1. Looking for something surrounded by fewer than 23 Cβ atoms within 10 Å (Cβ to Cβ), over 19 Å from HIS91 (Cα atoms) and among the acidic types (Asp, Glu) - is there at least one such residue anywhere in segment 157-177?
2. Please state which one of LYS74, LYS66, LYS21 is surrounded by 12 or more Cβ atoms within 10 Å (Cβ to Cβ), farther than 30 Å from ARG158 by Cβ and of a type in the set (D, E, K, R).
3. When you look at ALA13, is it of a type in the set (Gly, Ala, Ser) and either surrounded by 14 or more Cβ atoms within 10 Å (Cβ to Cβ) or touching a residue at least 60 places away in the same chain (Cβ under 8 Å) (or both), yes or no?
4. Checking the condition hydroxyl-bearing (Ser, Thr, Tyr) and within 17 Å of the chain's Cα centre (by Cα), which residue from SER83, SER52 passes?
5. Any idea which of (1) modelled with pLDDT of 80 or more; (2) in contact with a Ser or Thr (Cβ under 6 Å, 6 or more places away or on another chain) is the one PHE277 doesn't satisfy?
Amino acid sequence: MGATNFWDDQEKAQATVARLKSVKSITAPLSEMISSGDDLEALIEMAEEDESIEPEIRAEIERLEKDLEALELKALLNGPRDSCDAILTIHARDGGTDANDWAEMMLRMYTLWAQKQDYSIELLERSDNSEAGINSAAIAIRGAMAYGYLKAESGTHRLVRISPFNSEGKRQTSFAAVDVTPEIEDSVDIEINEADVKTDTYRAGGAGGQHVNKTDSAVRLTHLPTGAVVQCQNQRSQHKNKAQAWKMLRAKLAKLEDEKREAEEASKYQNKQRVGFGSQIRNYFMHPDQRVKDARTGHAMGDIHKVLDGEIQGFLDAYLNWLAAEMRDDAE
């Protein structure tokens, strides 16, 4: 990074900076804990002569235990693509207009979570529903271990509430599907035959100004062998949207390859339960009571509004612990 030509290639430079942040997110707290451990040892020696500092020692031990627990969770982010940025796609599913509204609520939830983590967010695609909410949206969330944390969110999310779109005030169940893929650097070799990819252009919808909405700047790519579909419309330039769509397609195919390897590995164990895109992973209740519960880990929160305001870290941490336990069981 100290080289005079470091910033000549902006994309490569930013990828290097991101890698550095990912490494520092582990090494910095580790170094701090080692230093704190040395200080604690010195305090314990002092306590042999001065018992009045024992409460200070107990408080420091409690703090270090919490820090160690947080560091152990980060150490679980050791997958081959966990350090990558993430592309998160949301689709409204069953539930009519309520499902469209629910998909938009989830888009807000993940945006707020990313902001709390000091991650950057880029809107890649958004399709608004004519009545309320969205049909679909895709965002890039960039920051240390973004994919490692967010991969837990792939699957179907179920909301139960009194529908604001029902004049009779009936309870409505609606679903939104989330897919999370790692954002792959161009230097990573993902082989795609261009003849296998169908390219469609269309007029972008929603906000973006007259130019965006009056030209066929949006791009949709379909990988025919796998059926994988990606689309991008956030840029005015069709060329830029196409370049981003290709990055999204490479990311999706990379994830499919990872899932294929995981499935082959999981097939060795009869009791292994696979949780992937399309599985119901979490339930959100606004009626008759208010709570959120993860169907895989059992982790729950009683304040759904906090969750919808981006307080989902507990669910992400619980998933990492659950996944580690699954792997330990498999090894045994």
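1. Within segment 157-177 (the criterion being surrounded by fewer than 23 Cβ atoms within 10 Å (Cβ to Cβ), over 19 Å from HIS91 (Cα atoms) and among the acidic types (Asp, Glu)), the answer is yes, since at least one residue qualifies.
2. It is LYS21.
3. Yes.
4. Every option except SER83 fails the conditions.
5. (1)
The values are calculated or read from the model by the stated rules, or taken from the named source; none is laboratory data. Since the model is a prediction, treat every value here as computed from it, not as a measurement. With ideal geometry, Cβ positions are generated from the backbone for all residues, glycine too; neighbour counts draw on all protein chains shown.
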